[in-house]
Amino acid sequence: MALDGAFLACLREELTAALPEARVDKIHQPSREELVIHLRHRGGSERLYLSARANSPRVHFTKNAPENPASPPMFCMLLRKRLTGGRLIAIRQNGWERALYFDFDCVNELGDIVRLTLAVEIMGRHSNIILIDENGLVVDAVKRVDIEMSSVRPVLPGLRYELPPCPAGVLDLSLCEPSDVVAALRRAPSAPTAKALLSVVHGLSPLLCREVTHQALRGADKRSDELTDEDAERLAFYLKRLKETVLTGVRRTPYALRDLKGTPLEYSFVPITQYGLTAVGREEESLSSLLDGFYEQKDAEDRRRARAQDILRVLTNATDRTARKLAAQREELARSAKREEVRVWADLIQANAYAIPKGASSAELINYYDENCATVTVPLDPSLTAVQNAQRYYKAYRKAQTAERVLAEQIAAGEEELLYLDSVFDALSRATTFRELGELREELAAGGYLKLPRTRGKAPAAEGPLRFRSSDGFLILVGRNNLQNDRLTLKTARGGDYWFHVKTAAGSHVIVVTEGETPPDTTLTEAAILAATHSKAGDSAQVPVDYTRARNVKKPAGAKPGRVIYVEYQTAYVTPDKALAERLREKG
């Protein structure tokens, strides 16, 4: 990724130009390492997104603001108290350092205007967002860094803010001439030219270093000690052109690269040519929209995974525990299947009790149950009489007989529980909002799988089912989780509505609201595709989907959430289609 000092310099200009006399309106903190600041200005308003996440630190305008938690974190409350209403004075950057400083004029408790600075440091796992007061002291930070974590640069409330350390002997291209960089490059230890360039220059990412050397050396793979004078001149030329692009905006182009499968690959403020035909490039409207679109899908997945860690842990532990228990029960059931042999031994001992001496450890007896009347060796307890040994075997037989019946019931219940846990896993894989995750927690708490913490205030209202509109205009409802599936199928749906569900797999219940009309085949097919798409089989082809009238669907007494039985159904074979689902989904 290429969010380096040069990219930040271009981004700083874009942010500054878009925020004339902006004031802080609202502040939200969707997660521990993310902030969204709502700014009002003469031309309207913008949402400024700040991230200190190790794998995606950045700052830009966003249209995809993530959902906020029910209770704001303490750092968010602090920022609201100190920054709300503050006027943005400037956005600063020291050279091409990977940090932006947002200066705000704010009013303190005494009514005096004070200058507060929000530092956004883009430095991988060391990224941070720090509030600095008018005296240069740290007020607080998203990530507090104590002496044990870093003796070089601690970040704690009350300490003086120190600039991030810059490696010694490394040149900042914004403060020197390109020829100086090339001279340092040729003096550096022998290494691939792009790697050597990265070691001597500050503010350029590996991507930009590779791109400059790719263009200057015409794709040749040379080491730094192999460069000719012509190579050095070409490197200086392309470094100069890159510097002009950052400082003047000439040839500046927000540019995103994706691989041939459409997965985001790289981004920059200039076109990238080094990948040739192995990647597809596209120009974007702005640097902010470039970053917003590039990280949207990746961040959504990471954010969902972080929020759902407790649910995932509970489901994993419950699944492993149930699977181990089932394996033990099946093994015990296999042993109880040999009970008939035990009963035969008891009968043979009882029939030959007169001939078995006390103290014998075994007896050779004719098996009258065998058509060949073969002899069988029956183990005996020497401390018991023959009759007592027979009674011991009869007792073991009755115990095994009872165990088989009980184990069969327990195994069926265990298999049902695994199916249920699998359905919750499936719902979790598609949950994206706090409310959806909250419903899953409530469902697991009701089932005794986890305990919910006591919370103050009113809980957020549950989200309704996903709403789609078929090509023929029929409303299609899709449940988000098991509790919603039950409400949708058993309470919302009317008898004449159509009900859909993937065959023998976890997935959403889907209802076509008919309102007394007969939906055409197109609507039924689209509903089946939606059922397949919102299921565990969402990445498969030719998925079987059962459908019937809602009146034919019932819930057995005591069944787990989401479990139903149905009759008089038909089966359609369809291929999941996420693009169709997005096209049919009702907006807003």
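State the Cα centre-to-centre distance between region 277-296 and region 115-192 in whole Å.
Comparing the Cα centres of region 277-296 and region 115-192, I get a distance of 27 Å.
Which residues among region 534-563 fall inside the zone where the amide N is under 17 Å from a point 7 Å beyond the Cα of Leu475, along Cα→Cβ?
The answer is 550.
Using the beta-carbon distance between Asn94 and Arg40 and R0 = 35 Å, what value does 1/(1 + (r/R0)^6) give for FRET efficiency, to the nearest 0.05?
According to the calculation, E is roughly 0.80.
Determine the gain in length on full extension of the stretch Asp180-Ala541; use 0.36 nm per residue of separation and subtract their C-alpha separation, reporting nm with one decimal.
Stretched out fully, the Asp180 to Ala541 stretch lengthens by 124.1 nm.
What is the Å³ per residue value for the convex hull set by the Cα atoms of region 96-227?
Roughly 133 Å³ of hull volume per residue.
Between Ala396 and Leu156, how many nm apart are label points set 7 Å from Cα along the C-beta direction?
Calculated label separation equals 6.9 nm.
Which entries of Lys554/Lys578; Lys554/Lys587; Lys399/Lys554; Lys63/Lys578; Lys325/Lys560; Lys338/Lys560 have Cα-Cα distances beyond 26 Å here?
Lys554/Lys578; Lys554/Lys587; Lys399/Lys554; Lys338/Lys560
Two decimals, Cα atoms only, Kirkwood Rh: what is Rg/Rh over the chain?
With Rg and the Kirkwood Rh in hand, the quotient comes to 1.16.
For region 289-419, what does the accessible surface come to per residue with a 1.4 Å probe? Please give it in Å².
Value for region 289-419: 60 Å² per residue.
Provide the per-residue ³J(HN,Hα) series for region 33-41, in order, calculated from phi with Karplus coefficients 6.51, -1.76, 1.60 and θ = phi - 60°, each as a whole number of Hz, with x at glycine and proline positions.
Here the 3J(HN,Hα) series is 10, 10, 9, 10, 10, 8, 10, 9, 9 Hz.
For Thr263 and Asp577, compute 0.36 nm times the residue count separating them, minus their Cα-Cα distance, and round to one decimal in nm.
111.2 nm
Calculate how large, on average over all directions, the projected area of the Cα convex hull of region 405-555 is; give the answer in nm² to one decimal.
11.0 nm²
Working out 0.36 nm times the residue gap between Ala408 and Lys81, then minus their Cα-Cα distance, what length gain in nm do you get to one decimal?
Contour length minus the Cα-Cα distance gives 111.5 nm.
Remind me, what semi-axes does region 202-327 give for its equivalent ellipsoid, largest first in whole Å, using sqrt of 5 times each Cα gyration tensor eigenvalue?
Over the Cα atoms of region 202-327, the ellipsoid semi-axes are 44, 19, 13 Å.
Obtain the nm distance between the two label points defined at Ala334 and Thr316 by a simple spin-label model: each point lies 7 Å from its Cα along the Cα-to-C-beta direction.
Using points 7 Å along Cα→Cβ, the separation is 2.9 nm.
If you take all C-alpha pairs in region 375-471, what percent of them are over 15 Å apart?
78 percent
Would you please state which residues of region 72-97 a label at Lys26 would reach in this model, taking the label point 7 Å out along Cα→Cβ and a backbone N cut-off of under 20 Å?
Counting backbone N atoms under 20 Å from the label point, the list is 72-88.
Could you tally the net charge around Arg467, taking each other residue with its Cβ under 12 Å from the Cβ of Arg467, Lys/Arg +1 and Asp/Glu -1?
Here the count lands on +2.
Using 1/(1 + (r/R0)^6) with R0 = 25 angstrom and r between the beta carbons of Val567 and Glu515, what's the FRET efficiency to the nearest 0.05?
Calculated value: 0.60.
Measuring with a 1.4 Å probe in the full set of protein chains, what accessible area per residue, in whole Å², belongs to region 53-136?
45 Å²
Modelled label-to-label distance, Arg223 and Ala168, 7 Å Cα→beta-carbon offset: nm?
Computed distance between label sites Arg223 and Ala168 equals 2.7 nm.
Per q in 0.29 Å⁻¹, report the Debye log10 I(q)/I(0) for region 218-275, using one uniform scatterer on each alpha carbon and no solvent.
Reported log10 I(q)/I(0), two decimals: -1.11.
Take the alpha carbon atoms of region 1-134, find their radius of gyration, then divide it by 2.2 N^0.38 Å using N residues; give the quotient.
Its radius of gyration relative to the 2.2 N^0.38 Å reference: 0.99.
Note the per residue figure in Å³ for the convex hull of the C-alpha positions in region 301-452.
So the per-residue Cα hull volume is 151 Å³.
List the relative contact order of the chain as a percent without decimals, with contacts defined as Cα pairs under 8 Å and 6+ residues apart.
Across the chain, relative contact order equals 8 percent.
The values are calculated or read from the model by the stated rules, or taken from the named source; none is laboratory data. Keep in mind that what you see is a predicted model, and the values were worked out from it rather than measured. Reconstructed Cβ throughout: ideal geometry from the backbone, glycine too, with neighbour counts over all protein chains shown. Please note that ligands, DNA and RNA were not included when accessible areas were found on the heavy atoms of the full protein model with its side chains. Shrake-Rupley method; radii C 1.70, N 1.55, O 1.52, S 1.80 Å.
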